[in-house]
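*Asks:* The structure that follows is given in the form of structure tokens.
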């Protein structure tokens, strides 16, 4: 590999949380090649979250579920990349589509993982992902090892536009004094969702204690959030922002929270990387997969019993294979409430601006 690069393409078109997890790698690349343009390519719809990132010269969306679905579109996109002067392509994704984009680009220096098997014929340098040994951030940083980059993950902050942060601060100022707890009951995967009733009971406890509560959810989670609210005794005391925030706004509002109660989800990663105290419920998946929220202010709640069926897959699924969903239902309201109380008592305002 070369000692310097002028234009680097980093490919990560998986889910929102996966894109957030590339931030330490982006920072490491920027430190190693301070004069290089670094461009991040993400799933279409996610671009705005990274638009203010100072390490990035550009953020581009790839519509793999829409207009650019199919291998023909992948070849076309790769060829377009090849005409834009990139001299290094780094793929954080292991799909066949990613391999097609890489080879079609014609970019001479390409780095990817050594599995699946065909990657060895796609990339000029491959690294082991070491899935059972490393957390995802370190697995991603391994992609930089052929470039002479090593050591611990660099500290990085998700950077957001000043006006968006100002809007969030004004919103929270209008809420008045007192701790603010954010609650996100959704997840891409059904089996990763804690029961609605449990979220409602925690919200009731927060309101009774005098905490402000904000309910968060994406555009496709508005019904879920309304269902949770319908089970809250003092629903009028809850601010429901489900479906009302863009990604930049979501990140800015999360940054102002004292605690974020969430399932395993993309916004969970937006929270911990901004050093917001997190209480996250994990059921179908486990720590060794490497996707737990990081940092001393992050707490993961799991079933207190050692379930033989856990984990049931890398992502979870639509339904519990064992029909009991104990990995999530065993996590009690009291467990979540105790963590929220403790974090609010320790932290007060988290000080993120």
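*Asks:* Once label points are set 7 Å from the Cα along Cα→Cβ at both residue 6 and residue 150, what is their separation, rounded to one decimal in nm?
*Replies:* Each label point is offset 7 Å from its Cα along the Cβ direction, giving 3.0 nm.
*Asks:* May I ask you to order 215-224, 311-320, 50-59 by the average number of other C-beta atoms within 10 Å around their residues, highest value first?
*Replies:* Details: 215-224: 18.7, 311-320: 14.8, 50-59: 16.9.
Those peptides, ordered most packed to least, come out 215-224, 50-59, 311-320.
*Asks:* Sorting check: for 189-197, 163-171, 267-275, which peptide has the highest mean count of neighbouring beta carbons within 10 Å, and how do the rest follow?
*Replies:* On the way: 189-197: 18.2, 163-171: 16.0, 267-275: 24.0.
Answer by packing, highest mean first, reads 267-275, 189-197, 163-171.
*Asks:* To the nearest Å, what is the center-to-center distance of segment 57-89 and segment 161-179, using C-alpha atoms only?
*Replies:* If we compute the Cα centre of each part, the gap is 37 Å.
*Asks:* Rounded, prolate or oblate: which fits segment 7-147 when a ≥ b ≥ c are the square roots of the eigenvalues of the alpha-carbon gyration tensor, with rounded for a/c under 1.5 and prolate only if a/b beats b/c?
*Replies:* Numbers: a/c = 1.23, a/b = 1.05, b/c = 1.17.
In terms of gyration-tensor shape, rounded.
*Asks:* Here's a follow-up. In degrees from 0 to 90, rounded to the nearest 10, what is the angle of the helix 23-32 Cα long axis to the longest principal axis of the chain?
*Replies:* 40 degrees
*Asks:* If you line up the long axis of helix 162-175 against the longest principal axis of the chain, both from Cα atoms, how many degrees apart are they, to the nearest 10?
*Replies:* Tilt relative to the chain: about 10 degrees.
*Asks:* Based solely on its DSSP helices, what 222 nm [θ] is calculated for the chain when runs of n ≥ 4 H residues each add -39,500 (n - 2.57) and the sum is averaged over all residues, nearest 500 deg cm²/dmol? The partial results should precede the final answer.
*Replies:* Details: 12 runs with 114 residues, N = 353.
Dividing the helical sum by the residues of the chain leaves -9500 deg cm²/dmol.
*Asks:* I would also like to ask the following. Report, in degrees rounded to the nearest 10, the 0 to 90 angle that the Cα long axis of helix 196-208 makes with the longest principal axis of the chain.
*Replies:* Taking the Cα atoms of the chain, the angle to 196-208 is about 60 degrees.
*Asks:* When you count, for each residue, the other Cβ atoms within 10 Å and take the mean per peptide, how do 174-184, 123-133, 16-26 rank with the highest first?
*Replies:* Working: 174-184: 18.0, 123-133: 15.0, 16-26: 23.1.
Most protected by this proxy first, the peptides run 16-26, 174-184, 123-133.
*Asks:* Among 227, 298, 265, which one moves the most in a GNM of the chain with springs linking Cα atoms closer than 10 Å?
*Replies:* Taking springs between Cα atoms under 10 Å, the residue moving most is 227.
*Asks:* So if each residue of separation counts as 0.36 nm, and I subtract the Cα-Cα distance between residue 307 and residue 338, what length gain in nm does that give? Intermediate results must be reported in sequence, preceding the final value.
*Replies:* On the way: separation 31, 0.36 × 31 = 11.16 nm, distance 2.30 nm.
Full extension of this stretch gives 8.9 nm more.
*Asks:* While we're on this one: So what's the gap between the Cα centers of segment 119-146 and segment 280-327, to the nearest angstrom?
*Replies:* 24 Å
Values quoted throughout were computed directly from the atomic coordinates according to the rules given, and no laboratory measurement underlies them. In this text, all values refer to a predicted model and were calculated from it rather than measured experimentally. Glycine also receives a Cβ, built like all others from the backbone with ideal geometry; neighbour counts cover every protein chain displayed.
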